[in-house]
Amino acid sequence: MVWPNEINFVFTSNNKPVKNLLVYFILLANKKNNYTIGPLKTDEKGAIKITRLIMVDTIKKEMKSYPMDYSSPLEDCKGIEILVETLNELKKGAKQLSEFYPQEASTLESLILTCSNFNYTGMHVTYEMPLNQEPIQIELEKV
């Protein structure tokens with residue numbers, strides 16, 4: 001599978017950009033576990049750009065840290081999932097991280113303080129390769 005050099009996402013609600021939204025991106029591996037990128041935060045225009053370098057670096061890091069759990073290179077990944085969690089889900093995730101990964105939990109807790117996720121319902125959507133639209137527009141519902 002040939003992945004683009006960058007993938008652009010734009011998050012909106014009622015045709016207005018959603019800034020400061022925390023979003024997870026999950027690369028769907030053909031073998032073993034998927035790769036999670038993020039959470040990343042949308043900018044003032046509601047946009048997030050994921051470069052090929054970010055995807056490859058994430059995969060390399062996971063394969064090096066957990067070689068028994070990961071085996072698919074980027075070219076073997078079949079798509080990408082976008083996950084927007086509610087504020088409660090984000091807080092629950094930070095609490096679960098805190099026992100074994102306190103630094104990651106602290107980072108997530110800091111991001112939660114300034115995120116806009118409390119304004120929107122959670123959502124989960126999957127895009128399979130090849131990606132046909134650019135940028136990928138994602139409409140969110142207000143709580």
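Below, the figures for the structure above:
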{"quantity": "Tally of Lys pairs whose C-alpha atoms are under 14 Å apart, taken over the stretch 1-110, 8 or more apart or cross-chain", "calculated": "7"}
{"quantity": "Dipole magnitude (debye, nearest 20) for the stretch 1-114, charges at Cβ of Lys, Arg, Asp, Glu", "calculated": "120"}
{"quantity": "Of every Cα-Cα pair in the chain, the percent that sits beyond 22 Å", "calculated": "41"}
{"quantity": "Inter-label distance for Y66 and E44, nm, one decimal - labels placed 7 Å from Cα along Cα-to-Cβ", "calculated": "3.7"}
{"quantity": "Scaled radius of gyration (Cα, divided by 2.2 N^0.38 Å) that the stretch 21-68 gives", "calculated": "1.26"}
{"quantity": "Förster radius 25 Å - calculated FRET efficiency between S110 and T12, Cβ distance, rounded to 0.05", "calculated": "0.50"}
{"quantity": "Sum of side-chain charges, E109 neighbourhood, beta-carbon under 11 Å (Lys, Arg +1; Asp, Glu -1)", "calculated": "+1"}
{"quantity": "Under the Karplus curve 6.51 cos²θ - 1.76 cosθ + 1.60, θ = phi - 60°, whole-Hz ³J(HN,Hα) for the stretch 135-143, x wherever Gly or Pro sits", "calculated": "x, 7, 8, 10, 9, 9, 9, 6, 5"}
{"quantity": "Whole-angstrom gap from the stretch 80-143 to the stretch 7-66, using each part's C-alpha centre", "calculated": "9"}
{"quantity": "Note, ³J(HN,Hα) from phi for the stretch 73-88, Karplus 6.51, -1.76, 1.60, rounded to Hz, x at Gly and Pro", "calculated": "x, 3, 4, 8, 7, 9, x, 9, 9, 10, 10, 10, 9, 6, 4, 4"}
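Rule-based calculations on the coordinates, nothing more; no lab input. None of the values given here were measured: they were computed from a predicted structure. FYI the Cβ positions are ideal-geometry reconstructions off the backbone, even for glycines, and counts take in every protein chain you see.
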